[in-house]
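> Sending over a structure as structure tokens; questions will come in a sec.
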Amino acid sequence: MAQLWGGRFTKETDQLVYKFNASIAFDKRFYAQDIKGSIAHVMMLAKQGILNDIEKEKIITGLTGILDDVTQGRLKITDQYEDIHSFVEATLIDRIGSTGKKLHTGRSRNDQVALDMKMYIRDEILILDNILKNLLYAVIGIMEDNLDTYMPGFTHLQKAQPITLAHHMGAYFEMFRRDHERLLDIYKRMNTCPLGSGALAGTTYPLDREYTAKLLGFDGPTFNSIDGVSDRDYLLELLSALSIIMMHLSRFSEEIIIWNSNEYQFVEIDDAFSTGSSIMPQKKNPDIAELVRGKTGRVYGALNALLTTMKGLPLAYNKDMQEDKEWAFDAIDNVKGCLTLFEGMLRSMQFKKDRMEASAKQGFTNATDAADYLVNHGVPFRDAHGIVGQLVLLCMERGTALDDLPLSEYQKISPVFKEDIFEAIKLKNCVDRRITTGAPGLLSMKEALLVYRRYMEEY
Ligand code: ARG
């Protein structure tokens, strides 16, 4: 056991307490951020005359050596240290002697861990955002290939009105682009440097906080030292953004599972992204989509757990806050995995255009257009709705579609109908007349794609 704080203690820490308290098992993942933060701290201490240049060089060389050795696998981070901060400091002292003991001047583990976590999360946000970008490109690709792939649009999972697959995918593009903007927004708001907040009350050394903030790529230092060490809002914001990403992926997964079902057969998930059954030889299951849907609960759990951890904490730092890490790491790892797999599944998935179009032709998805036809010929909408309702009933009795009902039957219910009703309710026409902004008509969708392509160029 190697601890930084033995001085005022007369007994060894109980083994169980030590294990319970330790965080090295999970905070070792930000060793690089911890060391880079320390290097910036030392540069600032030297610039301010708190360390001399020889000490500075010695410490920085020592720290760089540790960073390289851990990264190359020459130095193992072991559980005999309480946390990553203790590991780095103890290893430094081991390697360069007592000069290493000056590293922690004007710093507390409270501002140190706040810094490490922010630096780690900033890096992860950029990685997440890049994976999201690939997914957005996959969605655009499907849109471009399916401007004339007609399918039923649903409400209440009942066939409602005809749309195209491009239009349906466009809805997901909108969701994922909001996710991208949320991530950027969080990055912008969290990008202030807590280093120099000390334990909670700053420090009596003449630290140059602006300088360390700049060295580490922050927009500036945090503005209140109590908040600097006790703020975990950015993690809650990230977990909330990740929860929303998972909610989007989960809805998409649910649709893919339905579309891939034997009854729908709108899509076929590629063999490489499906799994079989140990007993039923015919089965090909959409496990990836199901797992993505399933893991959503886990990410929501992380958000709930951290909100609950934070709700009763008095200012400033409390050890409870150590609990922020495993939740955040688990959520980030899972979302990265889900986004990547989902993209692969999507890119390799086959869309069965014929099945989609056939489905749109059944189920009276053009009934609204038949009513609109009457309205365009002067019938008030409410009456038109009633007339088409009667026609639908008649079709249902006869087992036919509106398209195949003879004109004479139309005219029995309303003489307003003429031969051109059949043009008006043709699937393609129903879709292509919808050209207001955001609608599925070809003109609107082409416009949307132009906007999306431009959006991606600036991503
Ligand atoms: N492992 C701790 C954490 O993650 C580091 C900060 C420890 N600070 C302290 N005062 N015990 O929060």
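Where a number appears in this text, it was derived from the coordinates with a stated rule and is not lab data. This is a predicted model, so every value here is computed, not measured. Here the Cβ is made from the backbone with ideal geometry for all residues, glycine too, and neighbour counts use every protein chain on show.
> Report the local net charge at Arg209: Lys and Arg +1, Asp and Glu -1, summed over other residues whose C-beta lies under 15 Å from its C-beta.
On the way: positive: Lys47, Arg107, Lys118, Lys214; negative: Asp111, Asp208, Glu210, Asp219, Asp227.
Within the 15 Å Cβ shell, the charges total -1.
> For a protection proxy built on the mean count of beta-carbon atoms within 10 angstrom, sort 83-91, 265-273 highest first, please. Don't skip to the end; give the middle numbers.
On the way: 83-91: 22.8, 265-273: 16.7.
Per-residue mean Cβ counts within 10 Å order the peptides as 83-91, 265-273.
> Projected area of the chain, taken from the Cα convex hull and averaged over every viewing direction, in nm²?
On the way: hull surface 120.3 nm².
Averaging across all directions leaves 30.1 nm² for the Cα convex hull.
> Using only alpha carbon pairs under 8 Å that are at least six residues apart, calculate the relative contact order of the chain and give it in whole percent.
Working: 597 pairs, mean separation 70.5, N = 459.
Once divided by the residue count of the chain, the mean separation gives 15 percent.
> Over all distinct Cα pairs, what is the inverse of the mean 1/r for segment 24-115, reported as the Kirkwood hydrodynamic radius in Å?
Details: mean 1/r = 0.0761 Å⁻¹.
This gives a value of 13.1 Å.
> DSSP beta bridges in the chain, what fraction antiparallel, as a percent rounded to 5?
Numbers: 9 of 12 bridges.
So the antiparallel bridges amount to about 75 percent of the total.
> Angle, helix 31-47 long axis vs. longest principal axis of the chain, Cα atoms, 0 to 90°, nearest 10?
50
> By how many degrees, 0 to 90 and rounded to 10, does the Cα axis of helix 381-398 deviate from the longest principal axis of the chain?
With rounding to tens, the tilt is 80 degrees.
> In Å, what Rg and Dmax follow from the Cα atoms of segment 110-218?
22.3, 70
> Across segment 222-228, in residue order, what do the Karplus-derived ³J(HN,Hα) couplings come to in whole Hz, using 6.51 cos²θ - 1.76 cosθ + 1.60 with θ = phi - 60° and x for Gly and Pro?
5, 9, 9, 5, 5, 5, x
> For segment 72-78, take each phi angle, set θ = phi - 60°, evaluate the Karplus expression 6.51 cos²θ - 1.76 cosθ + 1.60, and give the result in whole Hz per residue in order, putting x for glycine and proline.
Karplus-based 3J(HN,Hα) across segment 72-78 equals 7, x, 7, 10, 9, 8, 10 Hz.
> For Cα pairs less than 8 Å apart in space and 6+ apart in sequence, what is the mean separation divided by the residue count of segment 305-459, i.e. the relative contact order in percent?
On the way: 93 pairs, mean separation 22.5, N = 155.
Once divided by the residue count of segment 305-459, the mean separation gives 14 percent.
> Taking every alpha carbon pair in segment 383-459, what does the distance histogram look like in 10 angstrom bins from 0, in percent?
Each 10 Å bin holds this share of Cα pairs: 17, 34, 23, 15, 10, 2.
> Going by average Cβ density within 10 Å per residue, which order do the peptides 228-236, 355-363 take, highest to lowest? Mind dumping the intermediate values first?
Working: 228-236: 20.9, 355-363: 17.7.
The peptides rank, most packed first, as 228-236, 355-363.
> Right, another one. Using only Cα atoms, locate the centre of segment 1-66 and the centre of segment 120-156, then give the distance between them in Å, rounded to an integer.
Between the Cα centres of segment 1-66 and segment 120-156 lies a distance of 42 Å.
> Find the relative contact order for segment 1-141 and round it to a whole percent, using C-alpha pairs within less than 8 Å whose residues are 6+ positions apart.
33
> Report, in degrees rounded to the nearest 10, the 0 to 90 angle that the Cα long axis of helix 84-96 makes with the longest principal axis of the chain.
40
> Same structure, new question: Based on the Kirkwood radius over alpha-carbon pairs, what is the Stokes-Einstein translational diffusion coefficient of segment 244-322 at 37 °C with 0.692 mPa s viscosity, in µm²/s?
On the way: Rh = 15.2 Å.
Once the numbers are plugged in, D ends up at 216 µm²/s.
> Another question, then. State whether segment 1-43 is rounded, prolate or oblate according to the following rule on the C-alpha gyration tensor (a ≥ b ≥ c being the square roots of its eigenvalues): a/c under 1.5 gives rounded; otherwise a/b larger than b/c gives prolate, and the remaining case gives oblate. Don't jump to the answer; show the numbers that get you there.
Working: a/c = 5.23, a/b = 1.67, b/c = 3.13.
Oblate.
> Which whole-angstrom value gives the distance between the alpha carbon centres of segment 170-210 and segment 302-364?
One Cα centre to the other: 21 Å.
> Also, quick follow-up: How much net charge surrounds Gln80 when only the other residues with a Cβ under 14 Å from the Cβ of Gln80 are counted, with Lys and Arg +1 and Asp and Glu -1? Numbers along the way, then the final one.
Working: positive: Lys19, Lys28, Lys76; negative: Glu12, Asp79, Glu82, Asp83, Glu89, Asp94.
Residues near Gln80 contribute -3 overall.
> Amide H to amide H under 5 Å from Val267: which residues, 5+ apart in sequence or cross-chain, H placed 1.01 Å off N in plane?
Under 5 Å from the amide H of Val267 lie the amide H atoms of Asn260, Lys352, each far enough along the sequence or on another chain.
> In straight Cα distance, which lysines are under 16 Å from Lys118, not counting same-chain residues fewer than 8 positions off?
Candidates past the 8-residue exclusion: Lys28, Lys36, Lys188, Lys214, Lys325.
> Order of Asp14, Asp69, Asp324 from fewest to most other C-beta atoms within 10 Å?
Numbers: Asp14 10, Asp69 14, Asp324 20.
Final ranking by Cβ density, sparse to dense: Asp14, Asp69, Asp324.
> Can you list residues whose amide H is under 5 Å from Ala401's amide H, if they're 5+ apart or on another chain and H is modeled 1.01 Å from N?
It is none; the list stays empty.
> Further question on the same structure: Any idea how far apart Asp404 and Thr10 come out in nm if each label point goes 7 Å out from Cα toward Cβ?
9.5
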